[in-house]
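Peer 1: Handing you a structure now.
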Amino acid sequence: MDLVIIGTENYDLYALLSAELESAGYATHWAADGLEALDAAERLAPKALLLGESLPVLGATECCMRLRQVPEIHRDLPVYLVTDNEVNPVLRDKAGFTGVFPATHGSWELHDLLAALSMKR
């Protein structure tokens, strides 16, 4: 079963995303801060990461930038920033995010995310 790491300090957001992903056939792993997400990505070989914008200890942007520097982690690994805020596309791309996924989302956004992840299977 493909694994998605969900990095967020907000357990309710993790529980929601986890339930949605698990119902689509993915396993999930919760990382409560950016360092945990980075460590889990190195150890667990996930298919994707979802990083909350407000990750403590190591922020989502810094976490993504560090992930992209780890030789064992493929540069094509999908890493999504989870936020309801506007994100500057230049900064998003510079950090190495694959895209942005809304924290408050509907079925269409979830459908699009699942379609993107299934293309990486």
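Peer 1: Please verify whether the stretch 9-20 includes one or more residues that are buried (at least 21 other Cβ atoms within 10 Å of the Cβ), under 13 Å from the mean Cα position of the chain (by Cα), closer than 15 Å to THR104 by Cα and of a type in the set (A, V, I, L, M).
Peer 2: yes
Peer 1: Let me ask another. Filter the stretch 28-61 down to residues that are free of Cβ contacts under 8 Å to residues at least 40 places away in the same chain and over 13 Å from the mean Cα position of the chain (by Cα) and give me whichever is farthest from SER118 (Cα to Cα).
Peer 2: Going through the qualifying residues, I end up with VAL57.
Peer 1: Could you list, in sequence order, all residues of the stretch 62-78 that are in a loop (DSSP other than H, G, I, E, B) and either touching a residue at least 60 places away in the same chain (Cβ under 8 Å) or surrounded by fewer than 18 Cβ atoms within 10 Å (Cβ to Cβ) (or both)?
Peer 2: Across the stretch 62-78, the qualifying residues are ARG68, GLN69, VAL70, PRO71, GLU72, HIS74, ARG75, ASP76.
Peer 1: Can you say whether SER18 is part of a helix (DSSP H, G or I) and of a type in the set (Gly, Ala, Ser), as far as the supplied structure shows?
Peer 2: Spelling it out, SER18 is indeed part of a helix (DSSP H, G or I) and of a type in the set (Gly, Ala, Ser).
Peer 1: Of all residues in the stretch 20-69 being of a type in the set (Asp, Glu) and more than 22 Å from ASN88 (Cβ to Cβ), which is modelled with the lowest pLDDT?
Peer 2: Selected residue: GLU42.
Peer 1: Name the residues in the stretch 70-111 that are more than 24 Å from SER18 (Cα to Cα) and at pLDDT 90 or above, would you?
Peer 2: ASN88, PRO89, VAL90, ASP93, LYS94, ALA95
Peer 1: Please specify each residue of the stretch 17-64 satisfying the condition of being closer than 11 Å to GLY7 by Cα and aromatic (Phe, Trp, Tyr).
Peer 2: Scanning the stretch 17-64 gives a single hit, TRP30.
Peer 1: Name every residue in the stretch 86-103 that is surrounded by fewer than 10 Cβ atoms within 10 Å (Cβ to Cβ) and in a loop (DSSP other than H, G, I, E, B), in order of residue number.
Peer 2: Within the stretch 86-103, GLU86, ASN88 meet the criteria.
The values are calculated or read from the model by the stated rules, or taken from the named source; none is laboratory data. Keep in mind that what you see is a predicted model, and the values were worked out from it rather than measured. Methodologically, a virtual Cβ is constructed for each residue, glycine included, from the backbone with ideal geometry; neighbour enumeration extends over all protein chains shown.
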